[in-house]
1. Output the residue which, of all residues in the stretch 322-349 that are closer than 18 Å to Gln480 by Cβ and among the polar types (S, T, N, Q), is surrounded by the fewest Cβ atoms within 10 Å (Cβ to Cβ).
2. What are the residue pairs meeting all of these: first residue in the stretch 30-49, first residue modelled with pLDDT of 95 or more, second residue in a loop (DSSP other than H, G, I, E, B), Cβ atoms under 8 Å, and 6 or more apart or on different chains?
3. For the stretch 715-732, enumerate the residues that are under 16 Å from Val642 (Cβ atoms) and without any contact (Cβ under 8 Å) to a residue 60 or more places away in the chain.
4. For Leu650, state whether it is outside the structural domain of Gln167 (by TED's automatic domain parsing), among the hydrophobic types (A, V, I, L, M, F, W, C), in contact with a helix residue (DSSP H, G or I) (Cβ under 9 Å, 6 or more places away or on another chain) and at pLDDT 85 or above.
5. Which residue, of Asp215, Asp161, is surrounded by fewer than 24 Cβ atoms within 10 Å (Cβ to Cβ) and closer than 20 Å to Pro651 by Cβ?
6. Exactly one condition in (1) of a type outside the set (D, E, K, R); (2) touching a residue at least 60 places away in the same chain (Cβ under 8 Å); (3) out of contact with any Leu (no Cβ under 7 Å at 6 or more places or on another chain); (4) not in a loop (DSSP other than H, G, I, E, B) is false for Pro639; which is it?
7. Among residues belonging to the stretch 738-767 that are more than 17 Å from Arg671 (Cβ to Cβ), surrounded by 15 or more Cβ atoms within 10 Å (Cβ to Cβ) and within 40 Å of the chain's Cα centre (by Cα), point out the one that is modelled with the highest pLDDT.
8. Does at least one position in the stretch 88-101 carry a residue that is surrounded by fewer than 19 Cβ atoms within 10 Å (Cβ to Cβ), closer than 29 Å to Trp19 by Cα and not basic (Lys, Arg)?
Amino acid sequence: MTSWSRRPTGRSVVGGLVWLLPALAWCWALAGTGVSNDHILRYTAYFAGCVVLPGVLLLRAFAPGRRSLPEDIGLGIVVGLSFELPGWALFTALGLQEWLVAWPAAVLVVFAAVPRLRRCWRQQDAPQLPLAWSFTLALLLAMSLLLYYGTAVDAAQVPLDGGNFYQDMLWHLSIVHELGRSVPPQIPQVAGETMQYHWFADAHLAAATEITGIDPRFVLFRLWLAPIIVGLVLGVAALARQVSGVWWTAPLAVALTTIVQRIAVWAYAGGSGGSPIVFPSPSQSFGTTISVGAAALVIGVLYRDAPRRSWLIAMLVICASAGSKPTAVPLLLGGTGLAALFLLLRNRRIPWPTVALGVALVGVLVASMLTVAGSTAGTPLRLFGVFRSFPGYAVLTGDTGVPMPGGWIIAGLRDPDGQTVAWVAAFLVSLVVSRIAVVVSLLGLVQRRTRTDPALWWLAGTLIAATLGFLLIDHPGLGQYYFLGGSLPFAAVAAAAVVCGAVRGRRPVERRVVVAGGLVAGAVVAVVIREFGNVEARPVDPADITRSVTQPMLWIAGALAVGLLGWLVLRTTRPRVRGLGLALLLCVLVGLTLPSRPWSQWEGAVRMLSKESRQVPGKPMFSTDEIRAALWLEHTAGPDDVVVSNTACLPGSRRPACDARGYLVSGVGGRRTLMEGWAYTQQSLANQGKENVPANLLPSPWPDRVELSRQALTAPTPELLRTLRRDHGVRWVFADQRAGEVDERALDRLTDRRYTQGQVVVYELKP
């Protein structure tokens, strides 16, 4: 008899009610950032009916397992998001975007009509998990929603009036608009050129916009992140319990993934190691969630006896992860490779299923690099490129130049002195310590109870691959940090499983004392070192910079030495506790990360969600006139119309150099342009470092388009305008006098003035 048919007990009712806590947090977080009740209801209905429900049904049909309903929902979100992508591509390519809802509806109809599939509507053989599992996960999910929405999301103003907007978000907004009208997409800033970027996350946002009818600005700046957080939290919980087989590893892994994230010892920013959720980077957040689901499906079919048909869903999710973030598949490939090596050495025979997966991953990686894994141009293999982001690097090395092609190590470390070598060594150690979950995961491989599990070797392989990518790849925008953020869920799951393995077989009281006591002890040590063991580094003083790294590590070494001495005394006087030394050490190390977020950050998040809406700043990046003109253009121009404008440069950067990250027309206005901000195109990134200039300040790779745009705004002629319309499909001129010179008289004579607002005039070319 299935758990669905059992009569609900008081315990199960309470276990269900605790999930109202994250539901209330969801509503409060969205409402607190200015989302209307209508938008909350519509987006929730879309995600539940078009993503979660089809995903859960497909998961149960192709990859059944003993999972609770929240775990089914977590992995179902991943499957649903992956399944949505081919439907979006098909309907958009056919020009039937308004009928996209038929894609998930077809799944529901099939599963309702086919008798053999109707059982997937019910839970089969669900595990009986304790109330503590439900309560802790619900609490952590609510905390995660409030944390991210009360900080990053609330700080991003929706571009409906003038204000300051992070340029990357406007760039993503332009991609969302573009993906609502073309497959494969064009570069919105360079009409007619095919986009080379990992745009699957933006395709999901475009699909959500089409189905819900909600303004894409609200989808991007407010709505999309909440269900992605839910998918990540529940996916990590499902993966943790799948690997360890113990319920309490799930909340521990979730806490390490979304709440903690880095060690709490250092007072400076150098100890941070990336985040799995990055609001201004939909590709990172979406890709990390998809990768966690891919890991759960792969481990299930390889090492947890899932049925072979699970490969169909697993490969679908892997392909979705490949187009979401270029860092995703290398992590999966690293895990598969290390697991295959372990099985080969242990069993003395080739593990063909794991090898076959590795071959498939290589094929997916190559295909994605040739099609959708863009933004990798100008990214060489170069050792320690990430060191440029660490405090004190420029002072110690004198390297202040832009990364340039060539060399196997960054310029500042090619001929180091003794002090620089000491600083590099100290920072490498600090990097290891800051990634404490990785340390715990790898230490666990020496345990007899855990080192025989290929799933743990698989997770360890992802962490090794992430560390190598972080240290060996020199991305011009420090994109190597995404390796660390993408691998953090795997480190958290592995660390929780290792701690579980260290105390397995002990009495319940001993387990609780070691785990709880070790975590608390580590947290106390971290707080003490943070308060008393740090030196405030002065950027001009190399000695203080080095001391700011080394001094906290000396405190850690001292604390561990004292703990070791105490342990030796205890195991001599209390022989019964022998064998728990490694377990206690692992728990203390994990505990060092727990107080990484101060209480003031939580108070700030709650306060931000409770306050009234903010006002437009006195000197905004974009004026209200500019924003409203762009919005008028979106609602008036055709979806395939091309606009010529003078808004390619970031406001305030036009002299002495143009920062080519201006996305007013293509982002806010949602229309293709002849030439707008070119900084993030592959063609521009490939020139990174040329003449010691970063990509965003380089001249356009399309100088002819720049010149045509300049002439159209400052010296238009009938021949020029006819050429623009005939050769490039230009129909509109967006003239922003705040952005540069505009010849209004000539444009009034040669075109039709359609809109005027302050310093912005929009013209339509005559037929």
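1. Only one residue tops the list, namely Thr327.
2. Partner pairs satisfying both residue conditions: His39/Ile214; Arg42/Gly213; Arg42/Ile214; Tyr43/Ile214.
3. Here is the first cut: in the stretch 715-732, the ones under 16 Å from Val642 (Cβ atoms) are 716, 720-732.
Selection gives Pro716, Leu720, Leu721, Arg722, Thr723, Arg725, Arg726, Asp727.
4. Details: outside the structural domain of Gln167 (by TED's automatic domain parsing): yes; among the hydrophobic types (A, V, I, L, M, F, W, C): yes; in contact with a helix residue (DSSP H, G or I) (Cβ under 9 Å, 6 or more places away or on another chain): yes; at pLDDT 85 or above: yes.
Against the criterion (outside the structural domain of Gln167 (by TED's automatic domain parsing), among the hydrophobic types (A, V, I, L, M, F, W, C), in contact with a helix residue (DSSP H, G or I) (Cβ under 9 Å, 6 or more places away or on another chain) and at pLDDT 85 or above), Leu650 qualifies.
5. On the way: Asp215 fails: closer than 20 Å to Pro651 by Cβ.
Only one candidate qualifies: Asp161.
6. (4)
7. Ranking the qualifying residues of the stretch 738-767, first place goes to Gln759.
8. Looking for residues that are surrounded by fewer than 19 Cβ atoms within 10 Å (Cβ to Cβ), closer than 29 Å to Trp19 by Cα and not basic (Lys, Arg), one finds at least one in the stretch 88-101, hence yes.
The values are calculated or read from the model by the stated rules, or taken from the named source; none is laboratory data. Computed from a prediction, not measured in an experiment: that's the story for all the values here. Reconstructed Cβ throughout: ideal geometry from the backbone, glycine too, with neighbour counts over all protein chains shown.
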